[in-house]
Amino acid sequence: MITWSIAIACIIILFIWLDFWLGSKYFKKNAPVFSYETNLSDMELITEGKDFFDLLFNDLNKAKKSIRICFFIVGNDAISQEFFRILQDKAQSGIPVYLLMDWMGSLKVKRKYIQRLKKCGVKVKRGNKPMLPFLFYRLNRRNHRKIAIIDGQISYLGGFNVGKEYLGADPKLGHWKDYHIRLPHPSLAITMEKIFSYDWRREGQGLTNNYYTNTSDRNCALTITEAGQLELNIIEWINHATDSIMIGSPYFIPTKRVFSSLLAALERGVELTILVPKKADHPFVKAAALPFFKKILKHGGSVYYYNNGFYHTKVILIDHNWCDIGTANFDQRSFLYNQEINLIVNNKNLIRPIKHAISKDLSDSFLLTEQAIKQMPITIKINRVLSRLLRPFL
């Protein structure tokens with residue numbers, strides 16, 4: 001009986017491994033190659049949930065031609081209902097409204113709410129539904145893009161989703177700090193409409209590879225990544241740093257290749273600063289980061305714990321004048337599986353508000369030390385061991 005149990009377990013493990021391996025190959029082969037460059041003259045950084053929802057809902061209410069919106073997480077609470085109500089009202093007024101939600105991230109959205117949206121004329125889809133082939137790979141793949149495009153004129157991208165926790169209403173997490181950007185830029189809005197349309201189409205018509213790159217000399221680049229593309233981008237950015245690297249993320253679980261690049265940067269004298277939340281919204285993520293932090297501290301880098309609520313930003317600042325901001329966390333899920341969208345900005349004036357926000361967040365943080373890691377409770381140390389096995393899935 002034990003022999004049969006072991007044999008069955010081995011077969012299941014082999015099946016899951018093959019599913020991941022073949023799924024990874026398939027999605028890498030079919031991943032879109034996309035980078036759009038333009039000259040950006042203005043962007044608005046949003047760091048508080050109330051400001052985000054006030055601005056977004058105001059723009060949605062003013063929409064005259066079209067609304068295309070995608071969120072990873074949509075909750076089941078008052079702010080989510082207000083969001084749905086606005087979309088329903090705009091659809092009933094005759095405006096084309098498209099809502100795309102990740103299947104896993106929108107599990108809290110009840111079927112009756114989706115039916116009500118559709119009845120009012122809102123086109124609704126849930127992306128990344130689990131299916132064959134590559135079931136287990138798909139279960140770990142998320143549409144993590146959080147974008148909104150209104151009238152082909154205004155667009156949003158960043159870290160906020162739709163739910164009360166983003167207003168700081170979760171008592172466990174408290175104040176919610178995030179970075180989202182509002183872009184009053186028609187060229188970028190039209191480009192983001194193309195990205196949205198790509199995600200929308202493939203939920204019903206399969207994959208396509210019809211996107212392009214633009215390599216002219218511009219001050220910003222909009223990139224979409226999935227299936228391992230972001231890992232390559234991150235390594236390239238780190239390798240080009242000559243003075244400093246600042247990484248802000250709710251999670252710090254890099255791949256071996258990315259972490260090796262960070263250690264190499266420290267070896268060549270680049271100043272490395274990591275900012276993560278002291279509080280964790282998942283059981284193992286804090287423990288999973290500690291082995292990396294221990295090595296970073298040993299090599300002369302700095303690690304800060306944000307201590308004014310929950311820190312959910314996704315930002316990388318290179319050499320104080322080049323910035324990546326968007327939807328991707330600094331973890332293996334974003335690097336290897338998720339569908340992400342990021343804006344790379346190479347303009348000192350445009351990134352000045354981001355640098356100011358980072359400085360403010362660092363002032364609300366404290367330095368992590370090697371001694372503090374040694375003195376962490378036994379539960380964290382146990383989770384650290386377990387998290388080694390779970391790193392790709394955290």
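Worth pointing out:
- Listed by first and then second residue, the pairs linking a residue in segment 219-230 that is in contact (Cβ under 8 Å) with a residue 24 or more places away in the chain and in a loop (DSSP other than H, G, I, E, B) to a residue that is surrounded by fewer than 22 Cβ atoms within 10 Å (Cβ to Cβ) and basic (K, R), with Cβ atoms under 8 Å apart and 6 or more places separating them unless they lie on different chains, are A227/K28; G228/K28.
- Qualifying residues in segment 171-200 (those that are among the charged types (D, E, K, R) and touching a residue at least 24 places away in the same chain (Cβ under 8 Å)) - the one nearest to I354 (Cα to Cα): D178
- Selection status of S106, surrounded by 21 or more Cβ atoms within 10 Å (Cβ to Cβ), of a type in the set (G, A, S) and either assigned by TED's automatic domain parsing to the domain that holds R201 or more than 17 Å from D199 (Cα to Cα) (or both): yes
- Of all the criteria given as (1) of a type in the set (A, V, I, L, M); (2) touching a Lys or Arg at 6+ places or on another chain (Cβ under 9 Å); (3) not in a helix (DSSP H, G or I), the one not satisfied by I235 is (3).
- Evaluation of L188 against (1) surrounded by fewer than 19 Cβ atoms within 10 Å (Cβ to Cβ); (2) closer than 24 Å to L55 by Cα (one fails), failing number: (1)
- Matching residues in segment 297-323 - criterion: being more than 21 Å from S363 (Cα to Cα) and either of a type outside the set (F, W, Y) or not assigned by TED's automatic domain parsing to the domain that holds L263 (or both): K298, H299
- K294 crowded, with 22+ Cβ neighbours inside 10 Å, at pLDDT 85 or above and outside the structural domain of H144 (by TED's automatic domain parsing): no
- From the list L45, L100, the lone residue that is assigned by TED's automatic domain parsing to the domain that holds M192, outside any helix (DSSP H, G or I) and either in contact with a Pro (Cβ under 6 Å, 6 or more places away or on another chain) or farther than 27 Å from H180 by Cβ (or both) is L45.
- Residue tally, condition surrounded by fewer than 19 Cβ atoms within 10 Å (Cβ to Cβ) and of a type outside the set (K, R), over segment 64-78: 4
- Among the residues listed as T225, T313, T273, T215, the single one being surrounded by fewer than 22 Cβ atoms within 10 Å (Cβ to Cβ), β-branched (V, I, T) and at pLDDT 85 or above: T273
- Test: residue in segment 48-66 that is within 21 Å of P186 (Cβ to Cβ), within 21 Å of the chain's Cα centre (by Cα) and among the acidic types (D, E): no
- Inter-residue pairs, beta-carbon under 9 Å, first under 25 Å from N338 (Cβ atoms) and in segment 103-117, second among the acidic types (D, E) and part of a loop (DSSP other than H, G, I, E, B), 6+ apart: K108/D77
The values are calculated or read from the model by the stated rules, or taken from the named source; none is laboratory data. The structure presented is a predicted model; accordingly, all values stated were derived computationally and were not measured. With ideal geometry, Cβ positions are generated from the backbone for all residues, glycine too; neighbour counts draw on all protein chains shown.
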